[in-house]
Amino acid sequence: MDKFDAMMAVLHAEAPKVSLRFYHVIVVDKHFEVFSRIWVMAEIAKGQELELSQHAMLFSGAADICEEEITRVKETLDIRQCTASRKEDVDAILDKIPDKEQFNERLKGILFNEKSGLLETWSAERCAGFFDVIDPLKDLFTQWDWHAPEVITIGQESTGKSTLMERLTGLPIFPRDADLCTRCIIKVKLRRDRSHNIRLLIEDLNNGKEKGKEEEICATVKHEDIGTEVMKAMTKQVRLEALRAEHQNQSQEWYLEKVSSKPLQASDGICTKKFLIVEVKSPTAPNLDIVDCPGLVAASARGRPSDVVETTAS
């Protein structure tokens, strides 16, 4: 269903029936391109019409970029210049707006009103101040076995989970190009720290609450290389797990020698024994864990492992 604004109205009407409240979160990319998409503009306007609680989540760690982009959007925003994958969608939305200039002014009010605008109320300094208060308590929380908040995505394959996670973290981490994109659990550990560093690790899924069981893959990874390194590590773990299942009781050296580094295919399975950890330290990062899980598969297609439905469900 591509009429997203209509779906918002349905969800808003149905949520109270199951004691839920419907919120609208606008995840904003680094260069604010989301505000050039006509469906996004239609959804924002619909959210205001429904009086939804709306929140904008901006790219973290780039306050100077955000300020520049907010100014640019404020000066250039025009519903008539927005785009969509299909021209028919643009035409259909514009046809429903009798006065485009009035609609533009309404959108600018929603986004830039000094007191209530979604973008004007955003403040990197305010967020930083919040973490300045909370972060000194993290050692105390650890004594009580409390952990950083965790966001976990679970859903069907190819529904945008990895794209959402990438926008939340602001890092090109999550695989999106291959069939069955995410082949193992990927956990991003955002940590507020004076240093800047990205580290890649791997851990057994059956470690439970044991600490210090992570195995370091890369001590330092460049921002632009993190996606490539994650894909390489994921490919290796998928292939190692398949090798161990096919050739049991071999030495670790034997498995490492035999493992293939060729790109994953649809016929390759999912890594169920290990998960990858991307540890991100930055002075502007919140203490937050974000977990991307392999997508659920409703039915096994030709060329895929016969047990893929059961594996992704478990």
Packing-based ranking, highest mean first, of 193-200, 10-17 given that Cβ atoms within 10 Å are counted: 193-200, 10-17
Most to least packed among 242-252, 280-290 [average Cβ atoms within 10 Å]: 280-290, 242-252
For region 222-227, Karplus couplings with θ = phi - 60° (6.51, -1.76, 1.60), whole Hz, Gly/Pro x: 5, 3, 6, 9, 4, x
Kirkwood Rh in Å, taken over all unlike Cα pairs in region 183-246: 13.4 Å
Pairs beyond 20 Å (Cα-Cα), from LYS236/LYS281; LYS161/LYS189; LYS187/LYS232; LYS232/LYS258: LYS236/LYS281
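Every number here is computed from the coordinates shown, using simple stated rules; none is lab data. The structure displayed is predicted, hence computed values, not measured ones. Here Cβ is always computed from backbone atoms with ideal geometry, including for glycine, and neighbour counts include all displayed protein chains.
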